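Presented below is the structure to which this report refers.
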Amino acid sequence: MTDKDIEILKDLSETHNITKTAERLYTTQSALTKRVQSIEQELGCQLYIRSKKGLVPTPVSESILPYIKKIQSDMERIRNLAGNPDGELSGTLKVGVAVNYARYRLAEILEHYIEKYPKVDIQLSAKRSPDLYKELISGEINAAIIRGDYPWAEGDVVLFEENVCLAMNEKMKGKDLNEIPFLDRTSDVSFEADLSRWMNENKIRRHTGLQINDVETIMQMIERNIGWSILPAICLSELKGITTPLAFRSGEPFLRKTHLLYRPEYIKLPQVQAFIETVKSC
């Protein structure tokens, strides 16, 4: 199989659709179908069952997928480590960034990085931290800026700690929080545990009627006196209202950490090392 065949199989595992994969690879459906048939003949097995809803991977296809991804990842590393004959930093940088960090901090980092290393091909995605953690474990990304604490025994840089705050409209000041709608949102396990601890210690019931997983929407509702919420400080610089840093009964502050996580082998790639240094400096 060629590099192109590896790319075809990986893309098909994501789309399960000949048309979408052909569009991704800038080829025709008929050419892609013929190539898949050739790969199946070469391997001596059927990889996909054709159905009206798309391609259904066979057990053989599912079993070889981890190896397909590893081969593609290894080839990328080989090309990156080969370097640029001109001596200028290049290669591919695959990085994931937590949504809130991307919203408030990422632009400055990318501006510095792109200005200094214009030949690096940046492949960046902004997602929820749990999703980025899974991609980091699977090797789909080189590094991840993640909000909250996750079990990770490899490269870990704590970028900063921030207060978690109670955010409300000034008109709510002095009122019983149990009588005011709580603007709730889902987060990582560590934040959820700390939030439950603080609420239990302060005998506050967690109403789940207003579940809003967008910080900007929550802040608009706070400003319109619809409800109150508990949010990390990074989100609150422009909020028109009251923000109060929280602490637990022990006196320990309620904090939120942001980590830069990576695997040690990836820091050998100069473009990854340069990204880590850029993030730390910003």
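For region 1-60, give me each residue that is more than 19 Å from Q72 (Cβ to Cβ), among the basic types (K, R) and part of a helix (DSSP H, G or I).
Passing the criteria: only K34.
Go through region 212-282 and tell me which strands (runs of 3 or more DSSP E), entirely inside it, have 3 or more residues that are of a type outside the set (A, V, I, L, M, F, W, C), touching a residue at least 40 places away in the same chain (Cβ under 8 Å) and closer than 26 Å to V95 by Cα.
Passing ranges, in order: 255-262.
Quick check on region 180-187. Is at least one of its residues more than 20 Å from F254 (Cα to Cα), in the same structural domain as F248 (by TED's automatic domain parsing) and either at pLDDT below 95 or not polar (S, T, N, Q) (or both)?
Taking every residue of region 180-187 in turn, at least one turns out to be more than 20 Å from F254 (Cα to Cα), in the same structural domain as F248 (by TED's automatic domain parsing) and either at pLDDT below 95 or not polar (S, T, N, Q) (or both).
Looking at this structure, is R35 out of contact with any Leu (no Cβ under 8 Å at 6 or more places or on another chain), more than 22 Å from E140 (Cβ to Cβ) and buried (at least 16 other Cβ atoms within 10 Å of the Cβ)?
In short, yes.
Rundown of residues vs (1) of a type in the set (S, T, Y); (2) loosely packed, with under 14 Cβ neighbours inside 10 Å, yes/no style:
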residue	(1), (2)
T2	yes, yes
S51	yes, yes
T58	yes, no
E76	no, no
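Report yes if D194 is touching a residue at least 24 places away in the same chain (Cβ under 8 Å), touching a Pro at 6+ places or on another chain (Cβ under 9 Å) and crowded, with 17+ Cβ neighbours inside 10 Å, otherwise no.
Numbers: touching a residue at least 24 places away in the same chain (Cβ under 8 Å): yes; touching a Pro at 6+ places or on another chain (Cβ under 9 Å): no; crowded, with 17+ Cβ neighbours inside 10 Å: yes.
No; evaluated as a whole, the condition is false for this residue.
Take A233 and tell me if it is in contact with a Leu (Cβ under 8 Å, 6 or more places away or on another chain), within 30 Å of E111 (Cβ to Cβ) and at pLDDT 90 or above.
So A233 does not fit the description; no.
The values are calculated or read from the model by the stated rules, or taken from the named source; none is laboratory data. Because the structure is predicted, anything quoted here is derived from the model rather than measured. Positions of Cβ are backbone-derived with ideal geometry, glycine not excepted, and every protein chain shown enters the neighbour counts.
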